[in-house]
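Structure, as structure tokens:
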Amino acid sequence: MIEIHQLTRRFGDFCAVDRLSFSVAPGEILGFLGPNGAGKSTTMKMLTGFLTPTEGSVKICGFDIEKQPLEAKRLIGYLPEGAPSYNDMTVLQFLDFMADMRGLAGEQKSQRLKDVIAQVQLDEVLHKTVDTLSKGFKRRVGLAQAIMHDPKVLILDEPTDGLDPNQKQQVRELILNMAKDKIIIISTHILEEVTAVCTRAIIIAHGKLLSDDSPQDLLARSPRHGAVRLQMAHTPEHVAALKSLSSVRDVEHLSAEQLLVLPRYGATLYADISELIKKEKWPVGEMFAEQGRLDDVFREITLRA
Ligand SMILES: Nc1ncnc2c1ncn2[C@@H]1O[C@H](COP(=O)(O)OP(=O)(O)OP(=O)(O)O)[C@@H](O)[C@H]1O
């Protein structure tokens, strides 16, 4: 369990993180979201003991990060923002060094190095120095050092930043495969990351917690959630007939061939519209149920703050 209580960080008069409190349990993959400058990295740095809070506390599996830093840090793997340091080491030298730092030795160390290099797919760059790597490979080296000691807690600051779409997919699969009994916190402003890997999402802005929900519940707050898109050449009569259904809140004209039918709060449209189409024998090409858009919800929550 991670327990965060009233966590606050000020830089002079400026409050970057403002009394955040939340807990994360094993098995959860928490997406930590917020616009630029919201306080995500500052929070990650305090969770991992890199930055001292002005007020509040962080407990990692019962160990206070300030009072019992060694016990707490042993349990954490951290991928910070940006790239790993030690630029003049080769990837292999760097990972070997990190394995030593984490107390691995002998056969256990060799096996773990082999496994991590395979998991993060670093074979082709093992003998290149870190400073010559592309941004994507630097992120992957950072990820490899974070998981080296198979930590109970993984804190990843923008883990897929700079990766191409294939690498993003691989890293997300890796995170999902590791998640079983770990606590994983991912800071991101990429909303697709949340639906792809997270079981829960916290949204912050100006250092304050604004929302704490499952990705599904967040999506359900989208004005488009449950809307139905109809592919059909339409007339004002079609629109009027749709609007007369009690489950319909509004009908948006997307193009001459497409209508978006929005539901009243809590209503389900699909069956009502199907029935109308069948009864009136409308020439509908396709009909899609919309899931909603996380970026609409994110904008609504963070712009209101
Ligand atoms: N050492 C510092 N001194 C002064 N201000 C700082 C310091 N570190 C961070 N800040 C400020 O605190 C705020 C939060 O920064 P932080 O890096 O935590 O945001 P973020 O949510 O991670 O943003 P991004 O998505 O852009 O990485 C910003 O306004 C930043 O300028």
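The values are calculated or read from the model by the stated rules, or taken from the named source; none is laboratory data. As the structure is a computational prediction, the values presented were derived from the model and not from experiment. Neighbour counts run over all protein chains shown; Cβ positions are idealised from the backbone, glycine included. Note: areas computed on protein heavy atoms with side chains; ligands, DNA, RNA excluded. Shrake-Rupley method; radii C 1.70, N 1.55, O 1.52, S 1.80 Å.
Observations
- Among the residues of the range 176-199, those identified as crowded, with 20+ Cβ neighbours inside 10 Å and away from the ligand (no atom under 16 Å from the Cβ) are I183, I184, V197, C198.
- Residues within the range 216-254 that are touching a Ser or Thr at 6+ places or on another chain (Cβ under 7 Å) and open to solvent by 40 Å² or more (accessible area, probe 1.4 Å), tallied: 0
- Qualifying residue in the range 144-157 (condition: within 25 Å of S222 (Cβ to Cβ), of a type in the set (D, E) and under 13 Å from the mean Cα position of the chain (by Cα)): no
- Within the range 20-39, the set of residues being closer than 21 Å to E158 by Cβ and either surrounded by fewer than 19 Cβ atoms within 10 Å (Cβ to Cβ) or of a type outside the set (A, V, I, L, M, F, W, C) (or both) comprises F22, E28, G31, G34, P35, N36, G37, G39.
- Contact annotation: residue pairs with Cβ atoms under 6 Å, 6 or more positions apart or on different chains, pairing a residue in the range 121-146 that is among the basic types (K, R) with a partner that is open to solvent by 20 Å² or more (accessible area, probe 1.4 Å), are K135/G162; K138/A83; R139/G162.
- Hits in the range 20-37 (condition: more than 23 Å from E300 (Cβ to Cβ) and either without any contact (Cβ under 8 Å) to a residue 12 or more places away in the chain or assigned to a loop (DSSP other than H, G, I, E, B) (or both)): A25, P26, G27, E28
- Apart from one condition, M1 fits all of (1) within 25 Å of S211 (Cβ to Cβ); (2) open to solvent by 50 Å² or more (accessible area, probe 1.4 Å); (3) out of contact with any Cys (no Cβ under 7 Å at 6 or more places or on another chain); the exception is (3).
- When the range 9-19 is filtered for residues that are surrounded by fewer than 23 Cβ atoms within 10 Å (Cβ to Cβ), in a strand (DSSP E or B) and at negative phi, the ones remaining, listed by number, are R9, R10, F11, F14, C15, A16, D18.
- Hits in the range 40-65 (condition: away from the ligand (no atom under 16 Å from the Cβ) and loosely packed, with under 14 Cβ neighbours inside 10 Å): G62
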